[in-house]
Amino acid sequence: EVHVVESGGGLVQVGGSLRLSCTASGFRWDHYVIGWFRQAPGKEREGVSWISSTDGSTRYDDDVQGRFIISYGSSKNTVYLQMNSLKPEDTAVYYCAARDTGVIAPVASMYDYWGQGTLVTVSS
């Protein structure tokens, strides 16, 4: 059974930084994508960033490009999202998700496995 667990959310001041962590387990895929989505109250879930195990390629939503960095940990089933220069509009529940193909798709419906979410609050 595939499990996805994320952590690292919290309260941070505008301009500050946080690092989120995601660990996926219970699978034996050779090619897969692990990524991050977020959802603010009253808004649709939107893509944030993704990384592919095939070649380590990454992709970022325009809203976080240049501020966030996605990377692997000691193994490719652990992914970090380093968030810098945080803005109030970054406030949301952040979800880690995985799909069993190495092709990055920035669409939530393409991901079958999800964590429970971790709340990031950026205060003014």
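Screening D63 on (1) of a type in the set (D, E, K, R); (2) within 13 Å of the chain's Cα centre (by Cα); (3) open to solvent by less than 90 Å² (accessible area, probe 1.4 Å) shows it passes everything except condition (2). Within the span defined as the stretch 13-23, every residue fails to be open to solvent by 20 Å² or more (accessible area, probe 1.4 Å), in contact with a helix residue (DSSP H, G or I) (Cβ under 9 Å, 6 or more places away or on another chain), among the hydroxyl-bearing types (S, T, Y) and under 16 Å from T118 (Cβ atoms). In the set (1) buried (at least 20 other Cβ atoms within 10 Å of the Cβ); (2) touching a residue at least 60 places away in the same chain (Cβ under 8 Å); (3) within 20 Å of V5 (Cβ to Cβ), the condition left unmet by L86 is number (3). Taken together, Y32, Y95, Y60, Y113 contain a single residue that is at pLDDT 95 or above, of a type outside the set (A, V, I, L, M) and in contact with an Asp or Glu (Cβ under 6 Å, 6 or more places away or on another chain), which is Y32. Cβ-Cβ contacts under 8 Å between residues 6 or more apart (or on different chains), taken from a first residue in the stretch 30-58 that is among the basic types (K, R) to a second residue that is assigned to a loop (DSSP other than H, G, I, E, B) and surrounded by 14 or more Cβ atoms within 10 Å (Cβ to Cβ), are listed as R38/R45. Selection of the stretch 65-107 for residues being touching a helix residue (DSSP H, G or I) at 6+ places or on another chain (Cβ under 8 Å) and under 19 Å from G15 (Cα atoms) yields only M83.
Okay, residues lined up against (1) touching a Ser or Thr at 6+ places or on another chain (Cβ under 8 Å); (2) in a loop (DSSP other than H, G, I, E, B); (3) not hydrophobic (A, V, I, L, M, F, W, C):
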site	(1), (2), (3)
V4	yes, no, no
F27	no, yes, no
E44	no, yes, yes
S49	yes, no, yes
D55	no, yes, yes
D63	no, yes, yes
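Going by the conditions given, is V103 of a type in the set (A, V, I, L, M), modelled with pLDDT of 95 or more and part of a loop (DSSP other than H, G, I, E, B)? So V103 passes the test. Quick check on I70: is it open to solvent by less than 40 Å² (accessible area, probe 1.4 Å) and outside any strand (DSSP E or B)? No; evaluated as a whole, the condition is false for this residue. Within this structure, D30 fails the test of being surrounded by fewer than 16 Cβ atoms within 10 Å (Cβ to Cβ), of a type outside the set (V, I, T), closer than 20 Å to E1 by Cα and touching a Phe, Trp or Tyr at 6+ places or on another chain (Cβ under 6 Å).
The values are calculated or read from the model by the stated rules, or taken from the named source; none is laboratory data. Small disclaimer: the values here were computed from a predicted structure and weren't measured. Please note: Cβ atoms are built from the backbone with ideal geometry, for glycine as well, and neighbour counts cover all protein chains shown. Just so you know, the surface numbers come from the protein's heavy atoms only, side chains and all, with ligands and any DNA or RNA stripped out. Shrake-Rupley method; radii C 1.70, N 1.55, O 1.52, S 1.80 Å.
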